[in-house]
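K.L.:
Just passing along the structure, written as structure tokens.
The values are calculated or read from the model by the stated rules, or taken from the named source; none is laboratory data. Quantities reported herein were computed from a predicted structural model and do not represent experimental measurements. For neighbour counting, all protein chains shown are included, and Cβ atoms are generated from backbone atoms with ideal geometry for every residue, glycine included.
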Amino acid sequence: MRRVLWWLIGSSRGGENRLRIIHAIEEQPRNTNQLSEDLDLNYKTVEHHLGRLVEHGVLLANGDEYGTMYFLSDRLEANLDVLDEVVAAAELDVGNEDTAR
């Protein structure tokens, strides 16, 4: 999981937005439209990042098309400490890394 998180969060141009998406879903499961509105990101941008996060086992998708809800995967939940390490090492600042875990 460490390598996956480094690739998706720590070393990619979209890492900060992916991290914002993860934090939002950690707070409450959401669909693409809710994430787009809540994070003030383009719908297609959110859709792209969700696809990568699901593809690599960071998030789970449940539902069909527009109503698909996204959740943290068990794999990510077991490695939230690794996510915090990646964020700290990559020196990312999205304003809400200090979530209560």
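K.L.:
From the set of residues in the stretch 1-53 that are touching a residue at least 12 places away in the same chain (Cβ under 8 Å) and outside any helix (DSSP H, G or I), which is nearest to Asp64 (Cα to Cα)?
P.N.:
Asn31
K.L.:
Further question: Return only the number of the condition from (1) touching a residue at least 24 places away in the same chain (Cβ under 8 Å); (2) surrounded by fewer than 15 Cβ atoms within 10 Å (Cβ to Cβ); (3) not hydrophobic (A, V, I, L, M, F, W, C) that Tyr70 does not satisfy.
P.N.:
In the conditions (1) touching a residue at least 24 places away in the same chain (Cβ under 8 Å); (2) surrounded by fewer than 15 Cβ atoms within 10 Å (Cβ to Cβ); (3) not hydrophobic (A, V, I, L, M, F, W, C), Tyr70 misses (2) alone.
K.L.:
Any idea which residue in the stretch 6-60 is surrounded by the most Cβ atoms within 10 Å (Cβ to Cβ), counting only those that are touching a strand residue (DSSP E or B) at 6+ places or on another chain (Cβ under 8 Å) and among the acidic types (Asp, Glu)?
P.N.:
Glu26
K.L.:
Right, next: Keeping to the stretch 86-101, report how many residues are assigned to a helix (DSSP H, G or I) and either crowded, with 16+ Cβ neighbours inside 10 Å or at pLDDT 95 or above (or both).
P.N.:
Within the stretch 86-101, the first condition is being assigned to a helix (DSSP H, G or I), and the residues that meet it are 86-90.
Those still in the list that are either crowded, with 16+ Cβ neighbours inside 10 Å or at pLDDT 95 or above (or both) too: 86-87, 90.
Qualifying residue count, the stretch 86-101: 3.
K.L.:
Moving to a separate point now. Tell me, which residue of the stretch 58-76 that is among the aliphatic types (A, V, I, L, M) and not in a loop (DSSP other than H, G, I, E, B) is nearest to Leu35 (Cα to Cα)?
P.N.:
Applying the first criterion (among the aliphatic types (A, V, I, L, M)) to the stretch 58-76 yields 58-61, 69, 72, 76.
Retained after the next criterion (residues that are not in a loop (DSSP other than H, G, I, E, B)): 59-61, 69, 72, 76.
Working: Leu59: 14, Leu60: 15, Ala61: 14, Met69: 10, Leu72: 14, Leu76: 19 Å.
Filtering the stretch 58-76 for residues that are among the aliphatic types (A, V, I, L, M) and not in a loop (DSSP other than H, G, I, E, B), the one nearest to Leu35 (Cα to Cα) comes out as Met69.
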